[in-house]
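Everything on this sheet refers to the single structure shown next.
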Amino acid sequence: MQNTYVSSLIFAFLASLSVATTAAPSARPEAPTPISAQITKTEQSAKVNLNAADAETLRRDLFGIGAAKAKAIVAFRESNGPFTAVDELLEVKGIGKALLEKNRDRLVIN
C-alpha cells in the first residue's frame, strides 16, 4: 500500500512537471513597440505643408489624423483657399486644440 502511494505521488509530480514544461512558451513573444517610440519615429519625419499635402500624406505624417480628418482638411482647403496660418486648422471639423498642439511642430504653411 505504501509503495502504491509513493508511486502515485511520483507519477503525479512527474506528470505535472511534464505538463508545465510543454505548456510554457519556449520563446518570449515580441513585445509591441511602445507608443513613445512610435511618436519619436513620427517626429523625425519631414514637416508637412498644409497647403500642398494630399490626404494620404496628412494621414501618414500627422499624429491622430486618420483618413476622414485628412480628407476634411483637404476639403476645407479646397473650399476656403490655402491656409494662411497653422491655427486655421482649428476651423476644420474634428480638429481641436489638443490635436493641433500635438502636430504644431510638424506643420508648415508655404
Judged on accessible area alone, 1.4 Å probe, highest first, LEU99, LEU89 line up as LEU99, LEU89
Dipole magnitude of region 48-104 about its Cα centre, charges +1 at Lys/Arg Cβ and -1 at Asp/Glu Cβ only, in debye to the nearest 20? 220 debye
Enter the mean projected area of the convex hull around the alpha-carbon atoms of region 48-104, in nm², rounded to one decimal. 3.2 nm²
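The values are calculated or read from the model by the stated rules, or taken from the named source; none is laboratory data. Here the structure is a predicted model, which means the values were calculated and not measured. As a convention, Cβ positions derive from the backbone with ideal geometry for all residues, glycine included, and neighbour counts pool all protein chains shown. What goes into the accessible areas is simple: the full protein's heavy atoms, side chains included, and nothing from ligands, DNA or RNA. Shrake-Rupley method; radii C 1.70, N 1.55, O 1.52, S 1.80 Å.
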